[in-house]
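Reading through the structure tokens given below for one structure.
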Ligand SMILES: CC(C)(COP(=O)(O)OP(=O)(O)OC[C@H]1O[C@@H](n2cnc3c(N)ncnc32)[C@H](O)[C@@H]1OP(=O)(O)O)[C@@H](O)C(=O)NCCC(=O)NCCS
């Protein structure tokens, strides 16, 4: 009872933190058309409306691929694909526009029901894909730029702009553009904090990937899901050009956006730019949070208890793993001499274990140590020796420790000594 009371309090506090962090920031949300017919759609839009009410700028891109297929079939219009790209003939364009605006309209209707002002607009400049390899793509276009000057005022006014997957040339010629590409360029153009691809189905993919990991994942892409590859290609491009995070989430999960924004529990796939961007030195006022993260592990005997003043004295050596203003893990790095350094007090918040945070913290220290000329890293652990083994550490005896550490080694605790040669 007491535990769940504390957990709830912690969760509420965490929401405050995230709110402070995101107010005034922009999220671009691309929604696949089939979701507009799913039972979860009204709550998905209500969640976006609430985020808008809380001061987060919401911009929505309406994905219409399946709706365009439906409309073209219904009106007996030729629907030719070149790989995954549609060839949009001038005859088909009125129907493509109808389908694209229909999806945007559905989104606007539910936003209106939630008392949010929304506008569907023509803020996308596009040009034809042209003739590629002898194939004329006609009115299938490429997004050239987003007319952000016109958007700014609307956003500051609390309006939600909705983007159909149509762009126009400067002379007014309409083009059918990829909504994933559009969402990516939009996120970059408005300096969005996050881009969400809200998908119509679950896509099998690791829960966190850096841009480099996306590259490696896509190297063996043959036979992989086309939809996923297209999303990852756009996610990669978005992150390499300055947007911090792209989330690919299954829109059928009720509350999926709130979960990603307010807990970051890894419900979908998060793509981010720099592997270690989330790791930094602790701030003094965060020491109580570090102690809170350590506490369950201390109680379970995995870590030694440390006091607030002890950690305060060692603050220079403490690194934390931060996600959107909230700490998910901490570790200390103690150099002993020019060759040897210790990893100590590694703790990942119980709610965020098995997301790769522990591994990232240790790899960060390994790279730092290597770059600073250290030759050996060691750690004393009672429970996590197998885990350190996976990272290349091997068991060593007390003689391998620096003299000063040997003297403070507690034989009663019998921690195992794990050592890594850098
Ligand atoms: C050990 C610890 C840091 C791992 O952090 P984490 O972020 O959950 O770990 P990662 O996500 O990088 O790795 C998860 C993998 O390690 C495995 N794992 C987790 N704890 C393990 C342990 N004690 N022994 C062996 N394997 C372990 C998981 O099963 C998972 O395996 P999988 O990838 O095959 O699914 C975390 O459990 C922790 O804070 N432990 C308590 C403190 C501690 O022992 N610190 C070390 C001494 S300083």
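What the table shows:
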| item | result |
| --- | --- |
| Residue 37 vs. criteria without any contact (Cβ under 8 Å) to a residue 12 or more places away in the chain and touching a helix residue (DSSP H, G or I) at 6+ places or on another chain (Cβ under 9 Å) | yes |
| Criterion (more than 14 Å from residue 29 (Cβ to Cβ) and free of Cβ contacts under 8 Å to residues at least 24 places away in the same chain) met by exactly one of 254, 215 | 215 |
| Residue that is nearest to residue 301 (Cα to Cα) [pool: residues in segment 366-394 that are assigned to a helix (DSSP H, G or I) and within 12 Å of the ligand (Cβ to nearest atom)] | 385 |
| Cβ-Cβ under 7 Å pairs, at least 6 apart or on other chains, segment 363-376 side in contact (Cβ under 8 Å) with a residue 24 or more places away in the chain, far side in a loop (DSSP other than H, G, I, E, B) and surrounded by 14 or more Cβ atoms within 10 Å (Cβ to Cβ) | 364/276; 366/422; 369/422; 370/422; 374/422; 375/422; 376/422 |
| Check on residue 355, assigned by TED's automatic domain parsing to the domain that holds residue 340, within 13 Å of the ligand (Cβ to nearest atom), assigned to a helix (DSSP H, G or I) and within 30 Å of residue 4 (Cα to Cα) | no |
| Subset of segment 331-344 [more than 6 Å from the ligand (Cβ to nearest atom), touching a residue at least 24 places away in the same chain (Cβ under 8 Å) and within 16 Å of residue 408 (Cβ to Cβ)] | 335, 336, 337, 340, 341, 342, 343 |
| Residue among 347, 371, 315 that alone is more than 24 Å from residue 406 (Cβ to Cβ), surrounded by fewer than 22 Cβ atoms within 10 Å (Cβ to Cβ) and touching a helix residue (DSSP H, G or I) at 6+ places or on another chain (Cβ under 7 Å) | 315 |
| Hits in segment 283-306 (condition: part of a loop (DSSP other than H, G, I, E, B), touching a residue at least 24 places away in the same chain (Cβ under 8 Å) and in contact with a helix residue (DSSP H, G or I) (Cβ under 6 Å, 6 or more places away or on another chain)) | 303 |
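Results for (1) exposed (fewer than 15 other Cβ atoms within 10 Å of the Cβ); (2) away from the ligand (no atom under 14 Å from the Cβ), shown as yes or no for each residue.
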| position | (1), (2) |
| --- | --- |
| 323 | no, no |
| 329 | no, no |
| 364 | no, no |
| 396 | no, yes |
| 403 | yes, yes |
| 408 | yes, yes |
| 411 | yes, yes |
| 415 | no, no |
| 420 | no, no |
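The values are calculated or read from the model by the stated rules, or taken from the named source; none is laboratory data. Since this is a predicted model, take the numbers as computed values, not measurements. Methodologically, a virtual Cβ is constructed for each residue, glycine included, from the backbone with ideal geometry; neighbour enumeration extends over all protein chains shown.
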